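So the structure is just underneath, and the comments pick up after that.
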Amino acid sequence: MNKIFFLFLVPILSFASPAWMFNLKHDKNYIIGYGMDTSLEKAKQNAMMDITHSISVSVESNVDISTKDNNGKASNNSSVDLHTRSKAILSGVEFIKIEQNKDLWWVAAKYDNSPVEIKFRKSLPETFKDENQNRYLKNTPLGKSIDAELKHKLNYNVVRKDNLWQLKYRDVLVPINQVNFYKLFSNQKTKAISMKANQKIYVTHDEMFFELEHKKSGYISILYVEHNGKVGVLLSNKKSDKSFKYPDAKNEDVFKIANPYGKTIRELYVAIYSKEPIDLNQFENVGHSLLDDSNFAFEKLLSLLQEYDYSTYAIKIR
């Protein structure tokens, strides 16, 4: 685990850390975070930030998803700059060691990082009845794991709180790490529409396009979900009487894949069919910057999928 508080070491090198710092033994299901500061409250916050750095779904980096026109020239107004920081306030943190040495406070915090479905079950009331569920969530790998663990179907949701994605049921909140967030990405389709990408796995500079099939005339919109839960609109309310390819490379810019992370990431693409144009103003167009935290709109997208027919397709980018 990277220790973000190393950034603060330069002015206080003359102080030796306690022997237990960085060395506390713990159960594999727990994450230990360490923090220090001249203020006890800030030292505690640094310890929580250390834990958050491990479980956050955010990846701190910049992504440039560029498109090219038919002549192969980069289209500047179609680039997207994504920048995400890992910062959160966690609930359920236990401070297990606090020591003051001269002018510094040294803190160790513990966080239960058991499998999310187990932790979710432990947080719930002992008895409950089956409920109607979000039709997309219940068919994801994570949703199926939760239902199997609970042996009941609950109407839980995924929400953004304290700069983390969290499972929510009534007043229960359980943070979701990156691995589990990816388990919310799955290939699904309804009778009205089906979408498939030209590849399942992409590398930088690959071209991406989709084949969309629908039986009735209507309006087609395509959105995508970034690895961190930000949502962008690729295509808004395209009137269509038949199946089509998007982008078609003749009249539309070609999508080019970019991945500067240095590791595999995943994305989810969502096609929505509607009889009339739908309001997508709550989501940003891909041609706009997705820097604003308001674009963590996965929760809003889940609500939208309750109302319309859709097809989803998950990809990997290496």
Determine if the range 269-280 includes at least one residue that is free of Cβ contacts under 8 Å to residues at least 60 places away in the same chain, over 22 Å from PRO141 (Cβ atoms) and among the hydrophobic types (A, V, I, L, M, F, W, C).
yes
Any residue in the range 259-279 that is hydroxyl-bearing (Ser, Thr, Tyr) and touching an Asp or Glu at 6+ places or on another chain (Cβ under 9 Å)?
yes
State the number of residues belonging to the range 213-234 that are assigned to a strand (DSSP E or B) and not polar (S, T, N, Q).
13
If PHE181 meets every condition in (1) touching a residue at least 60 places away in the same chain (Cβ under 8 Å); (2) in the same structural domain as LYS263 (by TED's automatic domain parsing) apart from one, which number is that one?
(2)
Taking the range 93-123 only, how many residues are surrounded by fewer than 17 Cβ atoms within 10 Å (Cβ to Cβ) and assigned to a loop (DSSP other than H, G, I, E, B)?
4
What pairs come up if the first residue lies in the range 44-66 and is within 17 Å of GLU267 (Cα to Cα), the second is among the basic types (Lys, Arg) and at pLDDT below 80, and their beta carbons are under 7 Å apart, counting only those six or more places apart or on different chains?
SER58/ARG85; GLU60/ARG85
Report yes if some residue within the range 144-153 is surrounded by 19 or more Cβ atoms within 10 Å (Cβ to Cβ) and not assigned by TED's automatic domain parsing to the domain that holds LEU302; otherwise report no.
yes
Those residues of the range 183-212 which are under 23 Å from PRO141 (Cα atoms), assigned to a loop (DSSP other than H, G, I, E, B) and within 22 Å of the chain's Cα centre (by Cα) amount to LYS183, LEU184, PHE185, SER186, ASN187, GLN199, LYS200
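The values are calculated or read from the model by the stated rules, or taken from the named source; none is laboratory data. Bear in mind the structure is a predicted one, so any value in this text is a computation, not a measurement. Glycine also receives a Cβ, built like all others from the backbone with ideal geometry; neighbour counts cover every protein chain displayed.
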